[in-house]
Amino acid sequence: MKDLLAVVKFTIKEMIKRKSFIISNIIILLLIVIGFNVPRILTSIKTGSQQNLDNKILIIDEENIFKGTLETLNNMELENTFEIENKTITQEQIKEKIDQEEIHAALIIKQNKDKIDIKYVLDSAAMEEIPADLINIFSKLYTQVQISKLGLTQEQLQTINANFDIEIVETNENPASGNIFAIMLLSLVLFYAIYFCAYQVSSSITTEKTSKIIETLVTSTTPRTIVLGKTLGIGIIGLIQVGAIILVSVISCKLFLDSQILNNILDLSKITPLLGILVFIYFILGYSLYSLLYALTGSTVSKPEDINSANSPIAVLAVIGFYLSYFSMMNPTSSINIFASIFPFSAPFSMPFRVMMGTATIAQIILSIIILLISIIIIAHISIKIYSSAILNYGTKLSIKDIFKIYKDKNN
């Protein structure tokens, strides 16, 4: 136990001293803060674009066909701002305004018997047409003006203008609406924490082999203790990282995100203590599974530049696991959900999502955890056995054939 704690302490100390570790975590936390400010940034850009004279359109209704209703255009969420005039303005005057960049274009509206003529005046018509949404709005405003001329009562107007009350109803008893963003974010954080923290195990082992530190470790303790100590140490760092990401996300959410937007993307009733416990359990299990695999690959190479190629099969496996979870999010009622939440390489990313949606049964959760535990035990046995023989290999990278030969060797 003392040796195990010593390896854990050594691993944590080495991890937090790395500049790459510090810088990457600072960047991630900054990106989270910026991400929660995106709605504000977009609103500022939109507000700025509305005040930009390049987007201003002059509307000339010299006959007052619309009876002042065109003023309401600036209250609508349109890409342009509008200047309304009820007097005659010549095309020469319009051209001067466009040349001086006071307006982007102009619309001249005139009554022509039973139809409305609209001229769209702008500097160049290449690749540009009159905004389609404007024509629809003009049609509605003109209809309202004509209806008002008929002197209809409020009750009669209501029978003409139908109010549509639209409601979306899902037949699924556990609809995913309101939580998709939160679920995707949760799975992404879990994937990042599990994959990148587990990756550090192989990187740490290979680095120590290069610097010959591993020789000191092997002579002072057992290979089993080294594997478990490194896995535990980097796992603790991973938990701290996840905690920091969640803490910064919650604070940023409270400070920068509008409450209405928050209510649309997250149903707080689904955030329960059970979900928190299961997320913690699946992080531990998922991290253990992948870190033991990476410990295996880290012990088979002797140079840091070979580590990426050695880790490629596991990286592919991790990505497949994540995308199985992602596809199940896109279709919560699909039968692939059950497979993704039980398959050990995707369960850490998928099962928390199903628990959050209430679609996972207790039996499925227990089965998923049991399969993960069995997989971890099997992989741990294989990894430690191969690690014990391959850790002091300073030659070329071990092939798959060499790994099988070492595993079958009864003397190891």
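Going by accessible area, probe 1.4 Å, with all protein chains left in place, what is the ranking of 150, 141, 317, 30, largest first?
Working: 150 125, 141 15, 317 50, 30 100 Å².
From most accessible down to least: 150, 30, 317, 141.
Rounded to the nearest 0.05, what FRET efficiency do residue 55 and residue 95 have when you use their Cβ-Cβ distance and R0 = 22 Å?
Plugging the Cβ-Cβ distance into 1/(1 + (r/R0)^6) gives 0.75.
Put a dot 7 Å past each Cα toward the Cβ at residue 316 and residue 24; how far apart are the dots in nm?
Spacing of the two 7 Å Cα→Cβ label points: 2.3 nm.
Let's test the formula: R0 of 25 Å, r as the Cβ-Cβ distance of residue 33 and residue 79. What FRET efficiency results, to the nearest 0.05?
After rounding, the FRET efficiency stands at 0.30.
Heavy-atom accessible area of residue 381 with all protein chains present, probe 1.4 Å, nearest 10 Å²?
110
Among 228-241, 279-292, 352-365, how do they line up from the highest to the lowest mean number of other beta-carbon atoms within 10 Å?
Result, highest mean first: 279-292, 228-241, 352-365.
So how do 74-82, 367-375 stack up, highest first, on mean other-Cβ count within 10 Å?
Ranked by mean Cβ neighbours within 10 Å, highest first: 367-375, 74-82.
In nm, to one decimal, how far is the modelled label at residue 306 from the one at residue 140, with both set 7 Å along Cα→Cβ?
Once both label points are built, they end up 6.8 nm from each other.
Could you calculate the contour length gain from residue 280 to residue 256, that is, 0.36 nm times the residue separation minus the distance between their Cα atoms, to one decimal place in nm?
Contour length minus the Cα-Cα distance gives 6.0 nm.
For a quick check of understanding: with a 1.4 angstrom probe and all protein chains in place, what accessible area in square angstrom does residue 142 have, to the nearest ten?
Number for this one is 60 Å².
So if we plug the beta-carbon distance of residue 373 and residue 222 into 1/(1 + (r/R0)^6) with R0 = 25 Å, what FRET efficiency do we get, rounded to 0.05? Walk me through the intermediate numbers first.
Numbers: r = 23 Å, r/R0 = 0.91.
About 0.65, to the nearest 0.05.
Just by accessible area at a 1.4 angstrom probe, what is the order of 83, 102 from largest to smallest?
102, 83
Across the range 365-371, in residue order, what do the Karplus-derived ³J(HN,Hα) couplings come to in whole Hz, using 6.51 cos²θ - 1.76 cosθ + 1.60 with θ = phi - 60° and x for Gly and Pro?
Per-residue couplings from phi come out as 5, 4, 4, 4, 5, 4, 4 Hz.
The values are calculated or read from the model by the stated rules, or taken from the named source; none is laboratory data. Just so it is clear, the model here is predicted, and its values are computed rather than measured. Note that we place each Cβ from the backbone using ideal geometry, even for glycine, and neighbour counts take in every protein chain shown. Only protein heavy atoms, including side chains, enter the accessible area calculation; ligands, DNA and RNA are left aside. Shrake-Rupley method; radii C 1.70, N 1.55, O 1.52, S 1.80 Å.
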